[in-house]
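The values are calculated or read from the model by the stated rules, or taken from the named source; none is laboratory data. A quick note: this is a predicted structure, and the numbers were derived from the prediction, not measured. Neighbour counts run over all protein chains shown; Cβ positions are idealised from the backbone, glycine included. Accessible surface areas use protein heavy atoms only, side chains included; no ligands, DNA or RNA. Shrake-Rupley method; radii C 1.70, N 1.55, O 1.52, S 1.80 Å.
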Amino acid sequence: MAPPDPDTLLKWIKPEPPTQKELECLKLLKPGDYEIYNERLNNYLLEAREIFIRMGITSMLRSGDLVVGIYTPAGDMATASMGTYLHSVSAVLCLKYIVNTWKDNPTVGIKDGDCFYANDAFYGAIHNQDQVAIMPVFNDGELIAWTAAAVHQSETGAVDPGSFVPAAKSKCE
């Protein structure tokens with residue numbers, strides 16, 4: 001499986017245009033609704049980040065080198081809580097790869113209860129030490145959002161300790 005071409009990756013970094021349904025939903029918001037719902041989502045994510053940090057064992061996780069986020073059905077970040085702002089892009093490219101590669105693929109598709117896991121820098125993570133867990137969120141059978149959690153794992157089993165291998169001859173080393 002070949003990684004996306006660089007032009008596609010650059011396109012995926014930018015937000016997708018809003019769908020017709022998203023524009024219709026915007027019209028339903030009353031004054032103050034956005035602020036209330038946004039604050040609720042951010043509070044959920046703050047708690048998720050705290051739980052993530054407390055449950056993990058890697059020093060990078062404990063120091064806050066992570067992101068937990070909620071993303072649109074197209075894969076754009078809606079809101080997130082992170083300790084390292086570089087991770088704001090960790091899940092976006094992985095998500096857009098999943099959406100564009102597997103959503104309409106009859107042999108894979110995207111279903112309620114699926115969990116995708118990625119750490120390949122060719123498909124979105126910053127480097128192979130970034131581990132990204134992604135799950136779709138459905139409501140009445142419709143994909144309405146994605147959740148993702150990404151963390152920097154200092155050891156991934158490379159040929160050198162710490163998984164930074166300057167002399168690697170292939171990405172698998």
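Below is a table of values for the structure above.
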| read-out | value |
| --- | --- |
| Contact order relative to length of the chain, as percent, for alpha carbon pairs under 8 angstrom and 6 or more apart | 19 percent |
| For the chain: accessible area per residue (Å², 1.4 Å) | 62 Å² |
| Carbon and sulfur %, accessible surface of the chain computed with the full protein complex present, 1.4 Å | 60 percent |
| FRET efficiency for K14 and T101, using Cβ-Cβ distance with R0 set to 22 Å, rounded to 0.05 | 0.75 |
| About the Cα centre, charge dipole magnitude for the stretch 23-147 (Lys/Arg +1, Asp/Glu -1 at Cβ), debye | 180 debye |
| Computed Rg/Rh of the stretch 1-87, alpha carbon atoms with Kirkwood Rh | 1.06 |
| Semi-axis lengths (Å, descending) of the ellipsoid that matches the C-alpha gyration tensor of the chain | 29, 21, 14 |
| Two-site FRET efficiency, R40 against Y117, from Cβ-Cβ distance with R₀ of 22 Å, rounded to 0.05 | 0.20 |
| Computed lengthening from L26 to A168, 0.36 nm per intervening residue step minus Cα-Cα distance | 46.2 nm |
| On Cα atoms only, tilt of 33-55 relative to the major axis of the chain in degrees | 30 degrees |
| Calculated FRET value between E50 and N139, using beta carbons and R₀ = 35 Å, to 0.05 | 0.85 |
| Tensor-based shape of the stretch 55-114 (alpha-carbon gyration tensor, a/c under 1.5 rounded, otherwise prolate or oblate) | prolate |
